[in-house]
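Taking it in order: structure first as structure tokens, then the write-up.
The values are calculated or read from the model by the stated rules, or taken from the named source; none is laboratory data. Worth saying up front: this structure is predicted, and the values here are computed from it rather than measured. FYI the Cβ positions are ideal-geometry reconstructions off the backbone, even for glycines, and counts take in every protein chain you see. Please note that ligands, DNA and RNA were not included when accessible areas were found on the heavy atoms of the full protein model with its side chains. Shrake-Rupley method; radii C 1.70, N 1.55, O 1.52, S 1.80 Å.
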Protein chains: 2
Amino acid sequence: MSSKDRLIYLPLGGAGEIGMNAYVYGYGPSGKERLIVVDLGVTFPDMETSPGVDLIMADIAWLAENANRIEAIFITHAHEDHVGALGLLWPQIKAPVYARAFTAAIANLKMEEQGNPLDVIRVVKPRPETVEAGPFKVQFVPVSHSIPESAALVIDTPAGRIVHSGDFKLDGTPIVGEPFDPNQWHEIANEGVGVKVLTCDSTNVFSPLPGRSEASLAAPLSELIAAQEGMVVATTFASNVARLKTLAEAGRAAGRSVCMLGRAMKKMITAAAETGVLTDFPAVIPPEEAVEMPRRKLMLIVTGSQGERRAASAQLARGKYLGLEMKEGDTFLFSSKTIPGNERGVIRVMNAFSEMGVDVVDDRGGLYHVSGHANRPDLEAVHDLLRPKILLPMHGEHRHLREHCRIAIEKGIAAELAVNGTVVDLTGDEPKVVEYIETGRTYLDGSVLIGALDGVVRDRIRMALNGHVMASLIIDEDDEPLGDAWVELKGLSETTRRGADLADMIEAEVNEYLGSAADKVLRDDDKLAEAVKRIVRQVSLEEIGKKPEVTVVTSRLVAE
Amino acid sequence: MSSKDRLIYLPLGGAGEIGMNAYVYGYGPSGKERLIVVDLGVTFPDMETSPGVDLIMADIAWLAENANRIEAIFITHAHEDHVGALGLLWPQIKAPVYARAFTAAIANLKMEEQGNPLDVIRVVKPRPETVEAGPFKVQFVPVSHSIPESAALVIDTPAGRIVHSGDFKLDGTPIVGEPFDPNQWHEIANEGVGVKVLTCDSTNVFSPLPGRSEASLAAPLSELIAAQEGMVVATTFASNVARLKTLAEAGRAAGRSVCMLGRAMKKMITAAAETGVLTDFPAVIPPEEAVEMPRRKLMLIVTGSQGERRAASAQLARGKYLGLEMKEGDTFLFSSKTIPGNERGVIRVMNAFSEMGVDVVDDRGGLYHVSGHANRPDLEAVHDLLRPKILLPMHGEHRHLREHCRIAIEKGIAAELAVNGTVVDLTGDEPKVVEYIETGRTYLDGSVLIGALDGVVRDRIRMALNGHVMASLIIDEDDEPLGDAWVELKGLSETTRRGADLADMIEAEVNEYLGSAADKVLRDDDKLAEAVKRIVRQVSLEEIGKKPEVTVVTSRLVAE
């Protein structure tokens, strides 16, 4: 360790939101640190802030500029908010990717979708296997979460040991994957000089009770499913392979044939089976067979726990899906929680089922779902177990990170609330903020990546709020208006409060203006457009109370 | 009661959603029933389904067509979802309006805002005062809710007694207004032949525990507020005058001066004071004085419990508001629940406060908020007390109405799940659905009322999702293209995946097409527009993966 070398941490996504995780560690001379990236995830758009957008991910311009400094990318687990942007962003950084087998299988699908090379991802076994990436030595440590083979990373650097928790919970009986192993964590805490930095999941920091095990769901789910008279349809997160197994086993135990609907679920089950994660999943039947089964002998497990419009649950809420449909007396079970912001979609599905006479069971009582993240007491247990010098809270909104810092500081751990873009120097005993990197969000919009602040989405929101008026003018060779202006409305009432035609009224005002406009305005496209916009907005405001977006197209005839 | 007369019920809003309440009762010969309307409320728009819309209310076309049959409008209480559309819709029906004093004060403001006459609203005292409206005799019965002077209606008709619950809870100590009076309800149940129909609030039918009293909040709120070192800012629904009082008293008891921020709150307090509902509200200070107070001697009570962008809480989350601002060590209290769908806005405010170092306290534990609606056991208590022959569940989404029916039917009460537009004949012992009325939603958009299905909002949503391309063409006197087509983009990436200019690429394709287009297409505006749209969409899809909305403006030069 040269005296000029430093160890840095830079979150680009996930610190200040739950989603689009992307974390960077660096070691070396200031400004020339060698870098590793942990996770490249996405978050999902909404109508309010990002209408029409397909996916949201971190703006990695800084990484792209420093691509030659990047030693490796590590993916902790296969959830979309950790791996979903890999295929989209990899071309900008082109470093080798390391992951455990199941995660690698999903990551490969992401690479394939975007036409990237498939030999980039290297499968790593759990600790003690170690990846050497420049000055970093990295081990994958199995942790429990709501997807198979989730991992924490033990990152050894010349400046000390970092534990990057990934997403985790403490579960002694996780159904699929390795149980929480306190001995292994004890070892990690006590090797050498111990843990310098814990970068830690903050999702459930506000949940006051210890987390519950995945295994605690088996009995209540079996009881519920066995008690139903009609068809049972259950939904959960497609990637929660343990839950899928518990649900399927409960269905089978109740004498029901199980059929799984939804592409995301099939993809996960296939990856889990192919990578040996899942060995004894109950037999399932295809939809063609399910259609023939008596309802009380059938259970469907479907995608769409968040009310997503295209998922199987929403399709069933609208009618037939692959020949199957819900009927009076059937039961629909949400073995999931609603992520804040998705309430409207979920409630829409619930009411559609209610209209069909289907009984909806949700997780109101906590019987049919457990979280995949460590609750506050579990976070504290991990603090106590690892005794880090420094805590960096991640995977949380600002309020989660702040609360997590508060808990750590109460325990005498130096904690730093570093949001996306903050460069933290971890070389000394205390974290130091040394720089802020320009960062933000990148949108996948159709097939192009655009910046969140490019103005594209802002214009969409404005059109959605205000409507859009297009005015078309022709100016002749002598800079005189030729014919009348033509106005088209989109997203605006055609009729005014007084029953007149709005487009006609605007056209009349614009034409009156054009008839008397100064030559210097008529000669100047920008001035003319400004004047016409003003008139359009004024008439609209008076007549219908709206100030629309306006596009003026001026066509100029040129002397031939 | 002539043998041909019938008693009918027709919900136009509120039965199938929580919001925009509007219920109709009729009595008389079929098709000629005399009518009364109960409540004319609004619901609030969202970006997903109604971008740019100001307010949503029931489509009352049917009432407007039958305006001459309407005897009266009754408003149960002054919440927006019960009175918010009165000023906007009254001109279509022009019947006298009846309400209790506080409700009438708010209703008058609604009438005034829309320039309606102000002598329309008549103030009614509680039962035994009775309004005769055609064949109906109507009494207002005080009930507890989260706003002063909420009322149930006892509606006597020749076919029997209807109790229309309005919004209510069972509260023996409501702080403001009359406590729940079991004797009065016993009387109502036992006069004459008892209650034929109970039309009943269903909001909290899924809440399994008995509701808690408003008075139960005083101690925990006082304790919390007294314990804070910095400024305390509390938010709740502006109309919850009892809560405002409890909060203000807790602030005063903690030695703090209290300042109220937000127009909606002032309006409510003024109306409550002027109508004598509120007699001993603690003294408050204006913002100019509050600015001068030491922080630990100050408490603000502000609007914006739902994270509304323009309310005081969101303004404080963004910075200064009327000279006041939040600082590290201050506390912000949500004495409210987040209405499903508003989570994103509330969380945005919470995180903004977290960034300022402000501690946010919400109702997670149930200590600082109670609901204004009857929970399931309370609903059952009312069923048992009134023993109606027929239950009509209202004020709920489909799933709430369905559950409410289920409970009633288990008790042997005939229940009918009648959603908006359903005409139910209540003449006999069992409810009978006899007709469906065309119904739906009306939007206030700027200053005009538009139909939800007019296409205006659909076009906005499409522009928001897909972007908008305008193509402008000039066709000369000989039906030949004059010059090149001109394309403008709005809400679309200007640059394609390969770095080219999208507008240029579209123009090139359109111009190539125009150069070889058949005469019959060039002569026909519709065919031409169709062809150009197809080209625009195809190029956009190939180059950026989007299928935009397209407006084609064709200007034709005419021989002079």
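Quick rundown of the values:
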read-out: Peptides B:95-106, B:516-527, A:419-430 ordered by average Cβ neighbours within 10 Å, highest first; value: B:95-106, A:419-430, B:516-527
read-out: Degrees separating the helix A:525-544 axis from the principal Cα axis of chain A, which is the longest one; value: 80
read-out: A:VAL197 - accessible surface, heavy atoms, 1.4 Å probe, Å² rounded to 10; value: 0
read-out: For B:357-369, mean number of other protein chain Cβ atoms within 10 Å; value: 1
read-out: Chain-alone versus full-assembly comparison, the range A:402-446, residues with accessible loss of at least 40 Å² (1.4 Å probe); value: A:ARG402
read-out: Integer Hz, Karplus 6.51/-1.76/1.60 couplings in order for the range A:210-220, x for Gly and Pro; value: x, x, 9, 7, 3, 5, 5, 7, 4, 5, x
read-out: Integer Hz, Karplus 6.51/-1.76/1.60 couplings in order for the range A:3-13, x for Gly and Pro; value: 5, 8, 6, 9, 10, 10, 10, 9, x, 10, x
read-out: Under 5 Å, built H, 5+ apart or other chain: amide partners of B:TYR98; value: B:ILE73, B:PHE74, B:ILE75, B:ARG122
read-out: Between the range A:328-357 and the range B:265-283, the alpha-carbon center distance in angstrom; value: 41
read-out: Alpha-carbon centroid distance for the pair the range A:45-116 / the range B:385-434, whole angstrom; value: 53
read-out: At least 20 Å² of accessible area lost relative to the chain alone, listed for the range B:325-352 with a 1.4 Å probe; value: B:PRO340, B:GLY341, B:GLU343, B:ARG344, B:ILE347, B:ARG348, B:MET350, B:ASN351
read-out: Rounded Å value of the spacing that divides the Cα centres of the range A:150-174 and the range A:179-239; value: 15
read-out: Dipole of chain A [Lys/Arg +1, Asp/Glu -1 at C-beta], most positive-end residue of A:PRO287, A:ALA415, A:LEU444; value: A:ALA415
read-out: Heavy-atom accessible area, 1.4 Å probe, ligands and nucleic acids excluded: residues of the range B:34-54 down by at least 30 Å² from chain alone; value: B:ASP46, B:MET47, B:GLU48, B:GLY52
read-out: Probe 1.4 Å, accessible area per residue of chain A, Å²; value: 39
read-out: Whichever aspartates and glutamates have a C-alpha closer than 14 Å to that of B:LYS169, once near sequence neighbours (fewer than 8 apart) are set aside; value: B:GLU149, B:GLU178, B:ASP181, B:ASP201, B:GLU214, B:ASP378, B:GLU380
read-out: Per DSSP, loop GluC sites (Glu not before Pro) in the range A:420-500 with at most 10 further Cβ within 10 Å; value: A:GLU438
read-out: Cα gyration tensor, the range A:308-435 - rounded (a/c under 1.5), prolate or oblate; value: prolate
read-out: Net charge dipole size for the range A:467-556 [Lys, Arg +1 and Asp, Glu -1 on Cβ; Debye, nearest 20]; value: 600
read-out: Interface B:A - total buried accessible surface [probe 1.4 Å, Å², rounded to 100]; value: 5800
read-out: Relative contact order (%) - criterion: Cα under 8 Å, at least six apart; region: chain B; value: 14
read-out: Relative packing of peptides B:134-141, B:270-277 - highest average C-beta neighbours within 10 Å first; value: B:134-141, B:270-277
read-out: Residue-averaged beta-carbon neighbours from other chains (10 angstrom radius) around A:10-21; value: 0
read-out: Of A:SER3, B:GLN139, A:VAL550, farthest towards positive along the dipole that unit charges on Lys, Arg, Asp, Glu beta carbons give the protein assembly as shown; value: B:GLN139
read-out: Total charge dipole magnitude, chain B, about the Cα centre, Cβ charges on Lys, Arg, Asp, Glu only, Debye to nearest 20; value: 1940
read-out: Per-residue mean of C-beta atoms belonging to partner chains within 10 Å, peptide B:467-478; value: 4
read-out: Accessible surface of B:LYS267 - all protein chains present, 1.4 Å probe, nearest 10 Å²; value: 90
read-out: When each of B:LYS196/B:LYS411; A:LYS533/B:LYS490; B:LYS389/B:LYS411; A:LYS266/A:LYS320; B:LYS110/B:LYS266 is checked by Cα-Cα distance, pairs over 18 Å; value: A:LYS266/A:LYS320
read-out: Rounded if a/c under 1.5, otherwise prolate or oblate - the range A:214-361, Cα gyration tensor axes; value: rounded
read-out: Heavy-atom accessible surface of chain B: percent carbon and sulfur, 1.4 Å; value: 49
read-out: Angle between chain B longest axis and helix B:398-410 axis [Cα atoms, degrees, rounded to 10]; value: 30
read-out: Ellipticity estimate at 222 nm from DSSP helix runs (n ≥ 4, -39,500 (n - 2.57)) divided over the protein assembly as shown, nearest 500; value: -9000 deg cm²/dmol
read-out: Cα shape, chain B, gyration tensor, a/c 1.5 rule; value: oblate
read-out: Size of charge dipole - the protein assembly as shown - debye, nearest 20, with Cβ of Lys, Arg +1 and Asp, Glu -1, no other charges; value: 3660
read-out: A:LYS320 accessible area, 1.4 Å probe, all protein chains in place, Å² to nearest 10; value: 140
